[in-house]
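Below you'll find the structure, written out as structure tokens, and then a few comments.
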Protein chains: 2
Amino acid sequence: MAAKYYVGIDLGGMSAKAGLFDASGVPLAKDTVKTGKENGYAATVTDLAALVKKVCEKGKVPFSSVCGVGLGSPGIVNGRDGTVVSWTNFGWEDRPLAADLSKALNGLKVRIANDANAAALGEARFGAGKKYGNSILITLGTGVGSGIILDGKIFEGFRGGAAEAGHMTLVVGGIPCTCGRRGCFEQYASATALIRDTKRAMFEHKDSAMWKLAGAPEQVDGRTAFTAAKEGDKAAQEVVKNYIMYLSEGILNLVNLFRPQAIIVGGGVSGEGDYLLQPVRKYVDEHLFVGFDRIPLSIVRADLGNDAGIWGAYALALDD
Amino acid sequence: MAAKYYVGIDLGGMSAKAGLFDASGVPLAKDTVKTGKENGYAATVTDLAALVKKVCEKGKVPFSSVCGVGLGSPGIVNGRDGTVVSWTNFGWEDRPLAADLSKALNGLKVRIANDANAAALGEARFGAGKKYGNSILITLGTGVGSGIILDGKIFEGFRGGAAEAGHMTLVVGGIPCTCGRRGCFEQYASATALIRDTKRAMFEHKDSAMWKLAGAPEQVDGRTAFTAAKEGDKAAQEVVKNYIMYLSEGILNLVNLFRPQAIIVGGGVSGEGDYLLQPVRKYVDEHLFVGFDRIPLSIVRADLGNDAGIWGAYALALDD
């Protein structure tokens with residue numbers, strides 16, 4: 001019997017990354033292509049199809065032995081009918097991306113999902129969530145991304161649009177969010193929020209070690225406060241404590257609603273590892289509606305980094 | 001072929017109510033029995049078994065033609081293994097209620113669920129959610145109860161403990177909640193919260209029409225502010241506006257996370273009907289991550305009132 005291969009694609013606003021895998025989960029090749037709003041929808045589909053063929057060449061696998069393609073796309077995605085319901089940055093509305101990419105690939109099966117959901121599936125199947133059928137991935141980056149896996153499958157709601165944990169309000173009337181609400185989780189737990197709070201603390205504490213560490217306010221990053229806090233800087237410790245409190249409150253909401261087996265924390269800030277996660281575990285356990293002693297919950301760091309999306313897209317193709 | 005019958009039970013802290021149904025959903029008889037913590041677990045199981053037999057007698061159906069029993073119980077329930085994980089008020093922990101009740105009923109099949117989840121299933125199958133496979137019931141009473149139905153089934157998380165929307169924080173550091181957190185949804189959207197805010201507004205506005213309506217602060221109920229608001233009382237309108245804002249914010253969080261087809265609003269306050277729900281619909285649509293125009297959402301009033309739990313328990317038995 002001929003060997004079977006699959007391609008997973010992580011589509012983004014600047015580039016699309018593709019990975020070629022065999023049926024047992026061995027990655028054989030990777031490639032990328034530039035993307036951009038100016039390309040338009042039709043050319044993007046053509047570019048993605050070319051990317052699939054290119055990654056096959058690179059992996060020395062005939063395109064004819066590829067059995068399926070999975071793709072994670074930004075925006076609101078309806079995986080059931082393969083439509084990108086809405087991707088504001090690219091101006092896409094109701095685009096039948098799965099069908100169009102399939103057409104461009106001679107009828108090859110294509111399944112799509114929201115990119116954060118695909119990353120969550122990647123972690124759940126091949127990364128930090130391997131032991132759990134039910135997990136939630138939270139990525140702490142520019143915003144707060146999230147994906148929810150129930151019984152091994154992406155949960156996207158009835159027609160997409162679910163699992164937008166970054167846009168769960170934690171503070172009614174709080175900090176305005178790009179989504180039009182106020183007080184959203186991502187306004188408190190993203191790397192962007194952490195950097196904002198770090199800068200604010202620096203201006204309030206001119207003697208803080210954060211000044212030396214960062215050099216200048218423009219050079220503050222998500223590590224500044226954590227590094228200074230570990231060195232005993234009081235102002236930095238206050239920033240970190242506050243950040244951990246909001247992150248934990250968001251996780252608490254998700255656990256009280258979904259009660260998964262694991263919360264997987266990814267994105268830049270998760271690089272702090274247990275220095276971040278240990279106090280989060282403590283805070284969450286202490287404030288849960290039903291504590292860890294009654295229903296176990298793991299809070300762990302993500303494993304796959306920026307490749308989670310490709311792995312998840314591969315899982316989509318594999319499951320089809 | 002012999003006719004098939006089912007019994008649905010709604011277990012509460014003061015009483016248990018049972019309904020006898022035929023397979024087509026016709027209710028044939030209802031009965032109740034007193035419950036109380038002082039009875040203890042074993043006697044409660046015996047009482048529930050006797051209740052099943054009594055409701056059969058009342059409906060003139062031989063107990064032997066009952067094919068299954070469903071039961072909604074307060075507390076954290078693991079429906080998969082039929083255990084009440086924890087019911088604080090009765091001091092129950094890890095009680096195999098489904099198995100024990102089955103034993104007391106000569107081996108009859110028994111399925112259990114959390115009571116709010118059972119009510120949500122009742123509304124989804126026989127009430128306001130009939131048209132939707134995916135819905136969330138929110139009951140605005142002493143607290144805020146909730147149940148989540150995905151693809152026609154109760155969503156309770158991996159081992160129970162999910163769907164506790166009343167204990168989703170809307171205001172980090174806000175009003176203390178009985179669950180140990182602060183700022184929980186139920187501290188702002190329950191009838192209890194509404195009454196608290198009504199009283200506060202009365203003391204701040206001695207000229208408010210609410211004084212005449214209620215008579216005395218002790219007689220304020222969930223209708224006081226709504227009735228006065230409809231009559232044009234400014235202070236009451238402010239209370240109602242604030243209540244609707246918090247209720248909408250909680251619903252927004254649930255929709256951004258679960259994106260169901262319908263939010264079903266029950267409990268005492270839902271008696272206000274469209275005077276309550278119309279502004280909620282407007283607020284939610286305006287603040288959603290993806291508006292109603294892209295993904296439809298219905299916000300409707302519950303249909304089954306206090307019987308939702310019995311109907312849901314019946315559905316549990318029917319599905320087994």
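Between copies, the label points of A:Asn89, set 7 Å from Cα on the Cα→Cβ line, lie 4.9 nm apart, reported in increasing order to one decimal in nanometres.
Positive end of the dipole of the protein assembly as shown, charges at C-beta (+1 Lys, Arg; -1 Asp, Glu), about the Cα centre: which of B:Gly59, B:Tyr243, B:Phe226 has its Cα farthest in that direction? In the protein assembly as shown, that residue is B:Gly59.
Restriction of the GluC sites (Glu not before Pro) in segment A:156-237 to DSSP coil positions whose beta-carbon has at most 13 other beta-carbons within 10 angstrom yields A:Glu231.
Pairs from the table (B:Lys17/B:Lys109; B:Lys37/B:Lys153; A:Lys130/A:Lys282; B:Lys58/B:Lys109) lying more than 28 angstrom apart at Cα are B:Lys37/B:Lys153.
Build a GNM of chain B with springs between Cα atoms under 10 Å apart, and of B:Leu276, B:Leu213, B:Leu51 the one that fluctuates most is B:Leu213. Nearest 500 deg cm²/dmol is fine: what mean residue ellipticity at 222 nm does chain A get from its DSSP H runs of n ≥ 4 alone, each adding -39,500 (n - 2.57), divided by its residue count? Value at 222 nm, helices only: -12000 deg cm²/dmol. Membrane-span-like helices in chain A (whole DSSP H runs, Cα extent of at least 18 Å along the helix axis, mean Kyte-Doolittle hydropathy of at least -0.5): A:40-58, A:191-204, A:234-258.
Ranked from largest, the principal axis spans of the Cα set of segment B:132-302 equal 50, 37, 25 Å.
Fully extending the segment from B:Asp320 to B:Asp293, taken as 0.36 nm per residue of separation minus the present Cα-Cα distance, adds 6.0 nm.
Look at A:Thr88, A:Thr227, B:Thr83 and count the other Cβ atoms within 10 Å of each Cβ; fewest to most, that gives A:Thr88, A:Thr227, B:Thr83. Look at A:Tyr41, A:Tyr314, B:Tyr5 and count the other Cβ atoms within 10 Å of each Cβ; fewest to most, that gives A:Tyr41, B:Tyr5, A:Tyr314.
With its label point put 7 Å out from Cα toward Cβ, A:Leu28 sits 6.3 nm from the same residue's point in the other copies, in order from shortest. Secondary structure note: in segment A:131-302, about 55% of the DSSP beta bridges are antiparallel. Charges were assigned to the Cβ only: +1 to each Lys and Arg, -1 to each Asp and Glu. The resulting dipole of segment B:132-302 about its Cα centre is roughly 160 debye. When only Cα pairs below 8 angstrom with a gap of at least 6 residues are kept, segment A:131-302 shows a relative contact order of 23 percent. When the Cα positions of B:Ile295, A:Pro27, B:Ala262 are compared along the charge dipole of the protein assembly as shown, A:Pro27 comes out farthest toward the positive end, with charges on each C-beta of Lys, Arg, Asp and Glu. If I take R0 = 30 Å and measure r between the Cβ atoms of A:Lys109 and A:Met14 in this structure, what FRET efficiency does the formula 1/(1 + (r/R0)^6) give, to the nearest 0.05? Approximately 0.65, to the nearest 0.05. Remark: the protein assembly as shown carries a charge dipole of roughly 640 debye about the Cα centre, counting +1 on each Lys and Arg Cβ and -1 on each Asp and Glu Cβ.
If you look at the Cα atoms of segment B:89-185, you get an Rg and a Dmax of 15.8, 51 Å. With Cα atoms defining each centre, segment B:240-276 and segment A:245-267 are spaced 23 Å apart in the structure. Look at where the Cα atoms of segment A:31-66 and of segment B:166-230 average out, and the two centres are 58 Å apart. The slack between A:Thr88 and A:Gln278, meaning 0.36 nm per residue of separation minus the straight C-alpha distance, is 64.7 nm.
When B:Met210, A:Met168 are arranged by Cβ crowding within 10 Å, least crowded first, meaning fewest neighbours, the order is B:Met210, A:Met168.
Under a model in which nothing but the beta-carbon of Lys, Arg (+1) and Asp, Glu (-1) is charged, chain B shows a dipole of about 360 debye around its Cα centre.
Only the coordinates and a few stated rules stand behind these numbers; no lab work does. Everything quoted here is computed from the prediction, not taken from an experiment. Heads up, the Cβs are rebuilt from the backbone with ideal geometry, glycines too, and the neighbour counts pull from every protein chain shown.
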